[in-house]
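The values are calculated or read from the model by the stated rules, or taken from the named source; none is laboratory data. None of the values given here were measured: they were computed from a predicted structure. Here Cβ is always computed from backbone atoms with ideal geometry, including for glycine, and neighbour counts include all displayed protein chains. To get the accessible areas, we keep the full protein, side chains included, count just its heavy atoms, and leave off ligands, DNA and RNA. Shrake-Rupley method; radii C 1.70, N 1.55, O 1.52, S 1.80 Å.
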Amino acid sequence: MALLLAWGACVAAAAQPSSTPEPLERRAWDEARDRFRESGPVLWIGIPRRSLTFWHDAIRYAGCVDPGTTVTLNGSAVRVYPTGAFAGLAHLKPGINRLEFRAHRDGRVTRIVRRIERPAPARALPAEPLSIAGRSYMLPKDDADLLPGDAVRIRFRGSPGAMAWFRIGRSLKSYPMRELSVARGEAAQAGIYEGSHTVRPEDALNNDLVRVSLEQTRRGKTHRVDGEVPGRLTVLDPSNLRRVRVSEEGVGIFDDVRFSTRVATAPAGAALAVTGREGERLRVRLAKGVDGWIATDAVRANLRRESSESAGPVLGKVALTCDAASAATAAVLSLGLDSPRKGGIWSRPLPYHVEVSESGATLTLTVWGLRADRGDARNTGSEGATSRTLTGEVGSDSIVSTAVRLDPGGVPDKTVLSVNLGNDPLWGYKTEFAAGEMRLQVRRLPDRDTSREHPLRGLRICLDPGHGGADVGAIGAAGLCESDVNLEIARRLARLLETAGAETTMTRDEDRFVSVEDRLADARAKRADLFVSIHNNAVSLEEDPLRSRGARLFYYHGQGATLAGALAEACRGVDPRATEQVGARRRSYRLTRTLTEMPSVLVECAFLSNPEDEARLLDSAFLDTVSAALYNGIVAFLNPPRAAHGEPGSSGPSN
C-alpha cells in the first residue's frame, strides 16, 4: 500500500502543468472592492448579508477587508487573517441586536450595521383575563386524514390553572384536556393543555374543525373562552381507499411523517393506497399492517379506489442468471410478478428497498406488496414454503447465490431476497420493472489493467464539480466561491487520473448550472464505473466557523463505504490540525443515494467558512495536495489489502 501511495504522489507531481495556474478569483470580494472605490476602506460583510430575524442565541459573521486594515465589531477588535478575511460568532440577546462592523485604515472609517432580531421566548399567559394564545402551540397544525384506530393529538396554549376540553366536528361530546407539567421538556411554561382522541368507525368527519375551550371560576363568576386549532380532520373509509400513482423515479418512502428513516423506494408508475395524510405528506400502504410516508408532490392523479384488503401480485418464477462473459454484470435476479387472478401478469412496479452490507458481500432486496402463493410448487423447493436458495457460478472462483424468504416476520405480502456475492464484492446494482417481472442486475468489479504504470486503465471515472453558474454554493469570508474551487480541484484530479490510465468525464467543465437530474443522467449515459462529487463545506449560521476544518467524506450505499473510507484515509494527512478525525459518514444526499450502479461518494475537501481553510484553498500548492490525496484514495480503493473488503464502520484501507 505504501508503494501505491508513493506512486500516486509521483504521478501527482508529474501531471502538473509546467506553468503556474492562474489564482482563483475571489468573485464576491472583487465585486465589493469595485463598489467601495474612493469612498473609504473596503469593508465587505458576506454573513449576515442583511438584517434578519434569527431564533438562535448566536450567529456567525464573515467578511473581508484589504490586508493591513483593522476591524472592530461593536467596538471590540476582530482578528483579520492575511487574506483580509475575518470570521467569528456573535452572541445574541432576546430582542434587537445591533452588529456594527467598522474598518479602520489611514485615519478613515467604513461602517456597516446589521440588525439581528432574536425573538424573546414566549411567556406564560396571565391568569386574567382568561385567554387562548394564537396558533404557534396548537395541534394539529395541518389538515389530517385518519383511519379508525388512529390517534390524534390536540394541544393549545392558554391561561394557566383553568379547565380545558375539546370537541370535534358537529359532535356535542366534550373530551377533557390536562395542563402539562412545567417540568416537561416541550412545555417550558405553564398553560399548555393537551388531549387525544382515538378515531372510531362511527366518527363521520369530513374536513371538520376541532374546537377547544378554557373555563375558570373566579370570585363566584365563571369565565370561558373558545378557539379553533388550525388543522381540520377527515376520517377515511378503509373499504374504499383512494390510490395514487408515483410520478417521479426513485421517490423515497419513510417510516414516519418526519421522514426520519427511508424504508422503501417507489418507482415511477407504482400505485399506492392512501391510508392517511398530514399536511403535504401522505401515509401509504406498503404491506398488510405496514405503512410509510411519502411527499404529496411526488404523486399524481387518483386511481380507481380499492379496499385496504385488495389482493396484490403473487411471486412467480424466481430465476438467477450468471454471465461469466459479461464485463459489467455478475448476475441478474428476476422475479416473476403474477396477477392475483390466475393466468395473468402484474403490470405495475412495486415499492422496494435495497440494503448493501458495507463489506459489499451481501445485498438484501425487500419487495413490498409482493406475496407468495403457498400452493404454488415453483416457490416451495426442498426447504418448504418459506425459503428457496438458488446458486450460480461466475468465473472460476466466485459464487453468486440468493436466498428467498417468503412471509418474513408474519407479513404475507412482503418478500425478502438475500444475494451473496462470494469472493467478488458488490460494485453496483440496478433495478428494472417490466410487465410481469422485476429484475435486479448486480454489477461486479470492472475488468482493468492493474499494472504499476497504469493502475486505473480500463476504468471510467465521473467527476462532479458541485454547484456552478448562478448556484455558487458556499462563499468564504475572503470571497472565494465554492463552485470555482470545486471545478479547479476536479480539473486537477482529472489530469492525475488520466495519467494513470483512467478515462474521466466531468458533469461540468465550465462555470455553468447543472441540475441534479442532469448530473445523474450524465454519469449513467457515460457508463461511469466510479462517481466522485467534489464540494467544499460550510457550517450553519449558528455554528462557530473557527471550530470546523478539514475534509469530510459521505456515502449512502454500502458499495460506496469502502471508497469513502479509502478517500478519508488518504485525506487525513492533508490537514493534521483538523478539529475532528476525518472519516466516512453515511448521509442521505440525493446524488449518492440515487446512483446505485457504481460506488459513489461526496467529498467535502475543506471548510470555506473557516478563514484558514479558505486561505489554503486559494493556494495552488494546496489544491495540488488535495487532488493528489483524492487520487491516492481512489488507487488505494481499487487495490485493497487482500485480507478484507472492509468492515462496517471502517475508514478504508490503511497504509
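You will find that of V212, V244, the residue that is closer than 30 Å to A271 by Cβ and among the β-branched types (V, I, T) is V244 and no other. Residues in the range 239-251 that are open to solvent by 50 Å² or more (accessible area, probe 1.4 Å) and out of contact with any Gly (no Cβ under 8 Å at 6 or more places or on another chain): S239, N240, R242, E248, E249.
Got at least one residue in the range 210-233 being basic (K, R) and surrounded by 15 or more Cβ atoms within 10 Å (Cβ to Cβ)? Yes, the range 210-233 contains at least one residue that is basic (K, R) and surrounded by 15 or more Cβ atoms within 10 Å (Cβ to Cβ).
Listed here are the strands (runs of 3 or more DSSP E) enclosed by the range 208-256 that have at least 1 residues being β-branched (V, I, T) and within 36 Å of the chain's Cα centre (by Cα): 210-218, 233-235, 241-246, 251-254. Just one residue in the set P160, P140 is in contact (Cβ under 8 Å) with a residue 40 or more places away in the chain and of a type outside the set (D, E); that residue is P140.
Taking the stated definitions as given, is L320 touching a Lys or Arg at 6+ places or on another chain (Cβ under 9 Å), open to solvent by less than 50 Å² (accessible area, probe 1.4 Å), assigned to a strand (DSSP E or B) and among the aliphatic types (A, V, I, L, M)? Spelling it out, it is not the case that L320 is touching a Lys or Arg at 6+ places or on another chain (Cβ under 9 Å), open to solvent by less than 50 Å² (accessible area, probe 1.4 Å), assigned to a strand (DSSP E or B) and among the aliphatic types (A, V, I, L, M). Mind listing whichever residues of the range 584-604 are open to solvent by less than 10 Å² (accessible area, probe 1.4 Å) and either over 22 Å from T261 (Cα atoms) or in a strand (DSSP E or B) (or both)? Once the filter is applied, which keeps residues that are open to solvent by less than 10 Å² (accessible area, probe 1.4 Å) and either over 22 Å from T261 (Cα atoms) or in a strand (DSSP E or B) (or both), the range 584-604 yields M598, S600, V601, V603. On the basis of being in a loop (DSSP other than H, G, I, E, B), open to solvent by less than 30 Å² (accessible area, probe 1.4 Å) and either β-branched (V, I, T) or modelled with pLDDT under 95 (or both), does G40 make the cut? So G40 passes the test. Taken over the range 57-70, the criterion of being in a strand (DSSP E or B), closer than 20 Å to D613 by Cβ and more than 34 Å from the chain's Cα centre (by Cα) is satisfied by V65 alone. Open to solvent by 10 Å² or more (accessible area, probe 1.4 Å), modelled with pLDDT of 95 or more and outside any helix (DSSP H, G or I): is that true of E488 in this structure? No. Give the range 111-145 a look and list any residue that's part of a strand (DSSP E or B) and open to solvent by less than 70 Å² (accessible area, probe 1.4 Å), or say none. Once the filter is applied, which keeps residues that are part of a strand (DSSP E or B) and open to solvent by less than 70 Å² (accessible area, probe 1.4 Å), the range 111-145 yields I112, V113, R114, I116, R118, I132, L139, A144, D145.
Would you check which residues across the range 71-110 are hydroxyl-bearing (S, T, Y), assigned to a strand (DSSP E or B) and open to solvent by less than 30 Å² (accessible area, probe 1.4 Å) and list them? Within the range 71-110, T72, T110 qualify.
Checking each residue in the range 491-501 for being at pLDDT 95 or above and open to solvent by less than 20 Å² (accessible area, probe 1.4 Å) picks out R492, L493, A494, L496, L497.
Residues in the range 408-430 that are part of a strand (DSSP E or B) and either closer than 20 Å to A287 by Cα or of a type in the set (G, A, S) (or both): K414, T415, V416, L417, S418, G428. Taking the range 268-299 as the range and being more than 18 Å from H353 (Cβ to Cβ), in contact with a strand residue (DSSP E or B) (Cβ under 6 Å, 6 or more places away or on another chain) and not aliphatic (A, V, I, L, M) as the test, the residues that pass are T275, G276, R277, E278, R281, T296.
Only one entry of R547, R519 meets the criterion of being of a type in the set (D, E, K, R) and either assigned to a strand (DSSP E or B) or over 19 Å from the mean Cα position of the chain (by Cα) (or both), and that entry is R547.
Here S515 meets the list (1) buried (at least 22 other Cβ atoms within 10 Å of the Cβ); (2) among the polar types (S, T, N, Q); (3) free of Cβ contacts under 8 Å to residues at least 24 places away in the same chain almost entirely, failing just condition (1). From the list P465, P455, which one is more than 29 Å from the chain's Cα centre (by Cα) and not charged (D, E, K, R)? Only one candidate passes the filter, namely P455. Taken across the range 119-127, residues that are more than 30 Å from H223 (Cα to Cα) and in contact with a strand residue (DSSP E or B) (Cβ under 8 Å, 6 or more places away or on another chain) do occur, with at least one present. With respect to (1) surrounded by fewer than 24 Cβ atoms within 10 Å (Cβ to Cβ); (2) at pLDDT below 95; (3) not charged (D, E, K, R), the lone exception for G560 is condition (1). Look at the range 34-55: where a residue is within 17 Å of A477 (Cβ to Cβ) and a partner is at pLDDT below 95 and of a type in the set (G, A, S), sitting 6+ places away or on another chain with Cβ atoms under 6 Å, you get W44/A32. Of the residues screened, K342 is one that is modelled with pLDDT under 85 and either out of contact with any helix residue (DSSP H, G or I) (no Cβ under 7 Å at 6 or more places or on another chain) or surrounded by 15 or more Cβ atoms within 10 Å (Cβ to Cβ) (or both).
Entry remark, the range 350-365: residues being within 20 Å of T265 (Cα to Cα) and open to solvent by 20 Å² or more (accessible area, probe 1.4 Å) number 7 in total.
Residue-wise test of (1) over 30 Å from L286 (Cα atoms); (2) charged (D, E, K, R).
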| site | (1), (2) |
| --- | --- |
| R178 | yes, yes |
| D203 | no, yes |
| N207 | no, no |
| E215 | yes, yes |
| R219 | yes, yes |
| V229 | yes, no |
| V235 | no, no |
| R242 | no, yes |
| G252 | no, no |
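Just one of the listed residues (A615, A578) is within 29 Å of G63 (Cα to Cα) and without any contact (Cβ under 8 Å) to a residue 60 or more places away in the chain, namely A578.
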